[in-house]
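This report concerns only the one structure given below.
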Amino acid sequence: MSRIIERVRQALGVRAGDGRDRLVFAKSEDFARCANTTATAEERDGWMESIRKEAKALNLRVHECPDLDVCGEAVAALARERDPEWGTLKQIMRWSDPILDGLGLEGRLAGDIAVKTVPVADSFTQTERQAFRDEVVASYIGVTTADHLLADTASLALLGGRGRARSVSLVPSIHIAVVPASRMVGSYRRLLALLDARDLPSNLTLITGPSKTADIEATLVHGAHGPREMHLFIVGS
Amino acid sequence: MAAKAVQDEQLHKALGKLRDKFGRNAVNLYHQLSPGHDPRQDAKAVRRKVVDNLDVVLETLAANIRARGGHVHLAETGEDAVEYCLGVAKRHEVARVVKGKSMLSEEIHLNDALEAAGIETVETDLGEYIVQLKGEAPSHIIAPAIHYTRDQVGELFAEKLGEPYTDDPPTLTAMARKALREKMLTADMGISGGNTACAETGHVTIVSNEGNIRMATTMPKVHVVLLGIEKIAATLEDHDILLRMLTRAAAGQKISTYVSYVGGPRLDEEPDGPEEFHLVLVDNGRSRILADPDFREVLHCVRCGGCLNVCPVYMSIGGHSYGSPYCGPIGAVFTPLTRGINDCHHLCQGETLCGACKQVCPVDNDLPRMLSLLRFKLADGDRRWNVKPQSRIAKLVFGAWSVVMRHRGAYNVLTTLARFGQVLLPRKNGWISRLPGPLGGWTRGRDFPPLAKESFARRWARRDTTRRDA
């Protein structure tokens with residue numbers, strides 16, 4: 001370790017502990033400030049428009065719902081309409097999150113489609129982890145929320161943590177994200193400023209539309225290895 | 001290899017799509033990003049700051065990842081990095097590795113070593129998967145199978161996957177999706193590269209469109225990241241310009257489908273994610289480049305592949321002709337510096353110095369300057385880089401030519417002699433098709449324009465002066 005660092009220092013002709021770190025990690029004032037500014041109503045209007053426009057090009061379906069009840073019904077209808085890509089079992093896996101509790105999917109789909117929730121515990125045994133993994137693989141829809149919704153590119157920011165398994169937005173064929181409109185941010189820069197202001201977990205993912213590839217003759221195809229279909233439900237205004 | 005590629009129309013058709021879709025688009029996207037200002041200079045400043053303070057940035061990144069329970073290894077050489085990966089694999093009794101795209105893993109020949117150790121190694125990026133099935137190396141930094149047409153991919157999948165032949169890209173993609181899903185869900189170890197990292201927060205940043213990288217970094221119990229020591233960013237603020245330029249330059253996108261920040265193993269309270277996380281930072285010749293202020297700039301590169309998409313030489317000969325994972329203009333500078341300038345002389349001498357690579361580069365890397373500098377070293381020799389002068393005859397001839405050019409009389413005598421002498425040389429379509437003696441090398445692959453019947457200087461002397469003011 002230190003040998004390579006030492007060699008790098010020699011190559012650069014510098015010494016350790018000479019205070020360069022202050023310069024390297026300095027932040028501009030406007031970056032620190034932009035985490036605390038609130039957007040005007042006008043700006044927010046532009047955001048919704050931007051999301052609609054970006055989503056279209058991305059093949060991301062956007063649904064606007066006044067409240068969680070309407071949203072829950074729409075998600076349930078979507079689940080009934082779609083068929084599984086792998087196998088025949090219709091099962092949904094969702095994050096454990098108060099917003100998703102509010103959708104009432106379990107009640108709406110009772111007897112029809114199984115709705116599983118990511119288990120919440122301080123730790124898991126190997127068997128429990130394997131069981132959870134099998135449940136995710138068997139699910140055709142994964143439902144998550146998001147910590148932030150970036151208007152400029154219609155991107156979601158998902159932070160890992162308790163009840164928020166990473167595979168739910170990845171392994172099922174359809175990813176449904178339910179996000180309160182209040183979580184919108186305008187620019188990538190502001191999103192980074194918000195993230196910078198908090199203690200980040202070991203995993204953070206930005207998701208922009210369903211998975212895609214252009215590896216055969218630079219032709220765009222949706223549905224590579226991640227979800228082939230993605231829906232964004234924006235709740236409230 | 002290159003001579004054959006020049007004749008390959010199939011290849012040119014495939015590469016033309018790359019140029020039309022990405023190459024021409026990138027510069028327009030930069031302008032849209034900040035009209036009236038060159039955002040490439042901002043990105044360059046961010047990269048320069050890191051490269052010039054690499055020791056500080058490396059130490060901070062390593063400390064922050066270790067604080068989260070991740071392992072960090074600094075590998076001096078490619079062999080060292082390979083050895084480390086094999087050690088991790090053996091400790092976990094790994095039978096199958098799934099890989100996200102990593103040019104660095106090509107640089108250090110990791111796949112061969114894993115396979116030799118009896119570990120099944122599966123590339124999961126669609127393009128990488130195609131070239132792996134073919135038993136080839138990638139031909140482009142971000143579009144590895146761009147040299148194949150859809151019907152060639154169809155034939156390959158029919159043969160290797162036992163699927164019915166089709167040339168429909170969506171159907172072909174679905175075949176790979178099915179075949180690779182099984183592999184990704186059952187692998188014990190995921191290996192990926194990294195596009196950059198954030199030293200201050202302790203994360204490696206990986207972009208992907210397919211989702212294969214998220215699969216490889218989420219589902220297996222061990223995740224290993226390979227990262228060149230120079231490919232780090234200091235802060236999240238620096239990611240702003242860097243990532244936006246990277247995705248625009250690489251694929252004409254405002255952002256890629258997935259941007260993953262990973263910086264350690266899963267927590268106990270998380271039901272999924274890798275239980276072990278390793279970051280392998282690889283030097284493999286980079287600190288030597290760092291020590292030379294003339295070439296340090298090449299370490300600013302973010303490996304977007306943008307310079308390939310506009311390069312007239314790459315468009316003619318394709319990626320395989322470069323004989324290195326880093327092809328195109330960036331490879332023509334980076335490969336000689338890491339593998340030996342004399343051994344790789346044809347790389348820096350085969351470029352046109354047209355400057356298109358510099359114009360499209362998201363960090364404004366002055367590749368033409370560095371290519372010229374490499375040629376100087378080949379002509380004159382260089383002790384620092386152990387370069388032997390390439391050809392004493394060439395040096396003598398060009399030295400003499402330089403003297404002739406600076407003396408009007410000598411120049412006139414020589415061109416007059418040549419004007420008479422050239423009638424003896426064979427011609428094709430009015431061009432000289434073969435030069436005599438050692439000059440013959442020039443005409444082996446191209447024709448030479450004959451000297452005009454009357455020199456420019458003579459025509460100038462007898463020009464019609466009355467027309468000047470007309």
**OP:** Pull the list of the protein assembly as shown cysteines that no other Cys approaches to under 4.7 Å, Cβ to Cβ.
**Re:** A:Cys34, B:Cys85, B:Cys198, B:Cys301, B:Cys304, B:Cys311, B:Cys327, B:Cys344, B:Cys348, B:Cys354, B:Cys361
Subject >> Label-point gap, in nm, between B:Arg406 and B:Glu76 - each point 7 angstrom along Cα→Cβ >> reply: 4.6 nm
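For the pair A:Asp122 and A:Ala39, what calculated FRET efficiency results from E = 1/(1 + (r/R0)^6), where r is the Cβ-Cβ distance and R0 = 60 Å, to the nearest 0.05?
Numbers: r = 38 Å, r/R0 = 0.63.
Plugging the Cβ-Cβ distance into 1/(1 + (r/R0)^6) gives 0.95.
Other chains near B:206-219: what is the mean number of their Cβ atoms within 10 Å of each residue's Cβ?
Working: counts 1, 1, 5, 13, 10, 15, 5, 2, 11, 6, 1, 3, 9, 7.
Neighbouring Cβ atoms belonging to other protein chains average 6 per residue here.
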**OP:** Please report how far the C-alpha centroid of segment B:105-180 lies from that of segment B:236-269, rounded to the nearest whole angstrom.
**Re:** 25 Å
Original post:
For B:Lys178 and B:Ala116, FRET efficiency with R0 = 30 Å and r from the beta-carbon atoms, rounded to 0.05?
Top reply: 0.55
**OP:** Would you be so kind as to identify all helices of chain B, as entire DSSP H runs, whose Cα atoms reach 18 Å or more along the helix's own axis and whose mean Kyte-Doolittle hydropathy is at least 0.5?
**Re:** B:54-67, B:392-405
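How high is the relative contact order of chain B, given as a whole-number percent (alpha carbon pairs under 8 Å, six or more residues apart)? Please list the in-between numbers first.
Numbers: 769 pairs, mean separation 82.1, N = 470.
RCO, chain B: 17 percent.
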Subject >> Ranked by how many other beta carbons lie within 10 Å on average, peptides B:337-346, B:247-256 from highest >> reply: B:247-256, B:337-346
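How large is the accessible surface per residue of segment B:48-196, computed with a 1.4 Å probe and reported in Å² as a whole number? Write down the numbers at each step before the final one.
Details: 5320 Å² over 149 residues.
With the other protein chains kept in place, segment B:48-196 gives 36 Å² per residue.
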Original post:
In nm, to one decimal, how far is the modelled label at B:Asp464 from the one at B:Asp294, with both set 7 Å along Cα→Cβ?
Top reply: 5.1 nm
Original post:
Over the protein assembly as shown, what is the percentage of antiparallel beta bridges among all DSSP beta bridges, to the nearest 5?
Top reply: 35 percent
**OP:** Could you order B:Lys4, B:Lys134 by accessible surface area, starting with the largest, using a probe radius of 1.4 Å?
**Re:** B:Lys4, B:Lys134
**OP:** Give the cross-link partners of B:Lys395 among the lysines, using a straight C-alpha distance below 21 Å as the criterion and excluding same-chain residues fewer than 8 apart.
**Re:** B:Lys377
Original post:
Among B:Lys13/B:Lys178; B:Lys17/B:Lys160; A:Lys90/A:Lys116; A:Lys212/B:Lys21; B:Lys99/B:Lys254, which pairs are too far apart, with a Cα-Cα distance over 20 Å?
Top reply: B:Lys13/B:Lys178; B:Lys17/B:Lys160; B:Lys99/B:Lys254
**OP:** Under a cut-off of 20 Å between alpha-carbon atoms, report the lysines in cross-link reach of B:Lys453, not counting same-chain residues fewer than 8 places apart.
**Re:** B:Lys428
Original post:
Can you give the Rg and Dmax of the protein assembly as shown based on its C-alpha atoms, in angstrom?
Top reply: 28.5, 100
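How high is the FRET efficiency between B:Thr416 and B:Lys395 when r is their beta carbon distance and R₀ equals 35 Å, given to the nearest 0.05? Display every interim value, and only then the final one.
Working: r = 26 Å, r/R0 = 0.74.
It comes to 0.85.
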Original post:
Reachable aspartates and glutamates from A:Lys53, Cα under 12 Å, same-chain residues fewer than 8 places away excluded?
Top reply: A:Asp152
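Within the set of other residues whose C-beta is less than 13 Å from the C-beta of B:Arg48, count the net charge using Lys and Arg as +1 and Asp and Glu as -1. It would help to have the intermediate numbers written out before the result.
Working: positive: B:Arg40, B:Lys44, B:Arg47, B:Lys49, B:Arg296; negative: B:Asp42, B:Asp52, B:Glu230, B:Asp238, B:Glu297, B:Asp364, B:Asp366.
That sum, taken over residues with Cβ under 13 Å, equals -2.
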Original post:
So what does A:Arg164 come to for accessible area, using a 1.4 Å probe and Å² rounded to 10?
Top reply: 40 Å²
Original post:
Using the per-residue mean of other Cβ atoms lying within 10 Å as a proxy for protection, in what order, highest first, do the peptides B:438-450, A:138-150, A:55-67 fall?
Top reply: A:138-150, A:55-67, B:438-450
**OP:** May I ask you to order A:38-51, B:153-166, B:231-244 by the average number of other C-beta atoms within 10 Å around their residues, highest value first?
**Re:** B:231-244, B:153-166, A:38-51
**OP:** Round to the nearest 10 and give me the degree value, 0 to 90, for the angle of helix A:41-58's Cα axis relative to the longest principal axis of chain A.
**Re:** 70 degrees
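Need one value for B:86-97: mean number of C-beta atoms belonging to other chains within 10 Å of its residues' C-beta atoms.
Numbers: counts 0, 0, 0, 0, 0, 0, 0, 0, 0, 0, 0, 0.
The shielding value for this peptide is 0.
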Original post:
Under the classification rounded if a/c is under 1.5, otherwise prolate if a/b is larger than b/c and oblate if not, where does segment B:139-195 fall, given a ≥ b ≥ c as square roots of the Cα gyration tensor eigenvalues?
Top reply: oblate
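Could you grab the relative contact order for segment B:46-190? Cα pairs under 8 Å, six or more apart, rounded to a whole percent. Walk me through the numbers before you get to the answer.
Details: 127 pairs, mean separation 30.6, N = 145.
Worked out over segment B:46-190, it gives 21 percent.
Can you give the average number of partner chain beta-carbon atoms within 10 Å of each beta-carbon in peptide B:6-17, as a whole number?
Numbers: counts 0, 0, 0, 0, 0, 0, 0, 1, 2, 1, 1, 4.
Other-chain Cβ atoms within 10 Å of each residue's Cβ, averaged: 1.
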Original post:
In degrees from 0 to 90, rounded to the nearest 10, what is the angle of the helix A:2-12 Cα long axis to the longest principal axis of chain A?
Top reply: 60 degrees
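When DSSP beta bridges are limited to those with both residues in chain A, what percentage is antiparallel, rounded to the nearest 5?
On the way: 10 of 36 bridges.
Counting only bridges with both partners in chain A, antiparallel ones make up about 30 percent.
The values are calculated or read from the model by the stated rules, or taken from the named source; none is laboratory data. For clarity, every value in this text was computed on a predicted model and none was experimentally measured. Don't worry about glycine lacking a Cβ; one is built from the backbone with ideal geometry, like all the others, and counts go over all protein chains shown. SASA here: full protein model, heavy atoms, side chains in, ligands and nucleic acids out. Shrake-Rupley method; radii C 1.70, N 1.55, O 1.52, S 1.80 Å.
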